[in-house]
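See below for the structure under consideration.
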Amino acid sequence: MTARESRGPIVGLAAHLILMLALAATTGVSAAGWLAGTAYAVILAGSLGAGMHRTGMRALGPANAVTLGRATLVGGVTALVVTSFEAPVPLPVLVTLIGVALALDGVDGQVARRTNSTTQLGARFDMEVDAFLILVLSVFVAGTFGWWTIAIGAFRYVFVAASWAWPWLNAALPPKFSRKVVAAVQGVVLVVATASLLPDALALTAVAGALVSLVWSFGRDVLWLRDQEQKRRFAEARAEVVARRSVTVPRQRPRPAPVNV
């Protein structure tokens with residue numbers, strides 16, 4: 001996992017294929033599941049390799065290796081979820097993969113801090129794996145509660161797409177503990193709903209509450225970013241006015257009057 005740049009993502013791809021073979025031998029994976037899982041793994045390896053090349057990283061490092069392990073498990077979850085569209089899948093296996101992936105979510109951050117190997121690529125990698133797992137789980141529970149649950153997983157991607165039209169959405173947000181709580185709630189609620197640990201009515205209420213909390217969190221952040229953008233534009237306009245007022249036209253010196261001789 002901590003091999004050279006050209007080998008790190010390939011090792012992750014090989015680990016994913018091994019996991020797929022194990023799932024196929026024990027639980028059964030449909031052709032569509034194989035295709036979805038393999039496409040995910042190939043895109044993951046390509047994106048990670050491109051990110052390492054862009055940032056000049058020669059090796060994944062211990063923290064990114066843990067994240068890559070989580071990403072491999074998410075690939076297995078993806079294959080099982082797609083397979084569930086055609087035939088039932090064993091929930092204990094699915095929930096185990098999800099549970100381990102979520103448990104490791106706190107490990108890679110700790111490893112990064114303790115080994116002083118925190119990087120922007122690692123933070124982005126971790127965030128993308130989390131976001132995709134939430135999306136896959138929201139698709140799975142949609143089979144029970146309706147396709148509206150996909151909004152939970154799609155929120156982040158809609159936000160990214162909106163930032164292409166409104167670049168001010170890419171501005172840095174201040175750290176908020178509530179944002180972390182809301183993100184954690186999404187994972188917990190979706191896992192509970194996936195595992196059918198609660199009666200359907202109670203699980204439906206929990207999933208709906210998770211969506212409401214997500215709307216509140218994203219809405220608050222968008223309003224804050226819009227307010228900051230308006231302040232920035234006002235400051236720029238004011239600075240431009242001040243700059244124009246400070247420009248003075250140089251006065252010509254009066255010519256001395258002619259002296260009569």
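Annotations for the structure displayed:
- If you go through segment 169-181 and pick out every residue that is under 18 Å from E128 (Cβ atoms) and in a helix (DSSP H, G or I), you end up with 4.
- The lone criterion from (1) crowded, with 17+ Cβ neighbours inside 10 Å; (2) not in a helix (DSSP H, G or I) left unmet by L198 is number (1).
- Every test in (1) farther than 18 Å from W224 by Cβ; (2) surrounded by fewer than 15 Cβ atoms within 10 Å (Cβ to Cβ); (3) of a type outside the set (A, V, I, L, M, F, W, C) is passed by N170 save one, and that test is (1).
- Qualifying residues in segment 10-49 (those that are touching a Pro at 6+ places or on another chain (Cβ under 9 Å) and part of a helix (DSSP H, G or I)) - the one surrounded by the fewest Cβ atoms within 10 Å (Cβ to Cβ): T26
- Every residue from segment 106-116 that is outside any loop (DSSP other than H, G, I, E, B), without any contact (Cβ under 8 Å) to a residue 40 or more places away in the chain and not basic (K, R): G106, Q110
- Test result for S217, out of contact with any strand residue (DSSP E or B) (no Cβ under 9 Å at 6 or more places or on another chain) and modelled with pLDDT under 90: no
- Between D126, D130, the distinction of being crowded, with 17+ Cβ neighbours inside 10 Å and touching a helix residue (DSSP H, G or I) at 6+ places or on another chain (Cβ under 6 Å) belongs to D126 only.
- Residue within segment 143-164 that is modelled with pLDDT under 95, loosely packed, with under 12 Cβ neighbours inside 10 Å and not in a helix (DSSP H, G or I) present: yes
- Residues in segment 80-96 that are in contact (Cβ under 8 Å) with a residue 12 or more places away in the chain, in a helix (DSSP H, G or I) and surrounded by fewer than 20 Cβ atoms within 10 Å (Cβ to Cβ): L91, V93, V95.
The values are calculated or read from the model by the stated rules, or taken from the named source; none is laboratory data. This one's a predicted model, so the numbers in the text were calculated from it and none came from an experiment. Don't worry about glycine lacking a Cβ; one is built from the backbone with ideal geometry, like all the others, and counts go over all protein chains shown.
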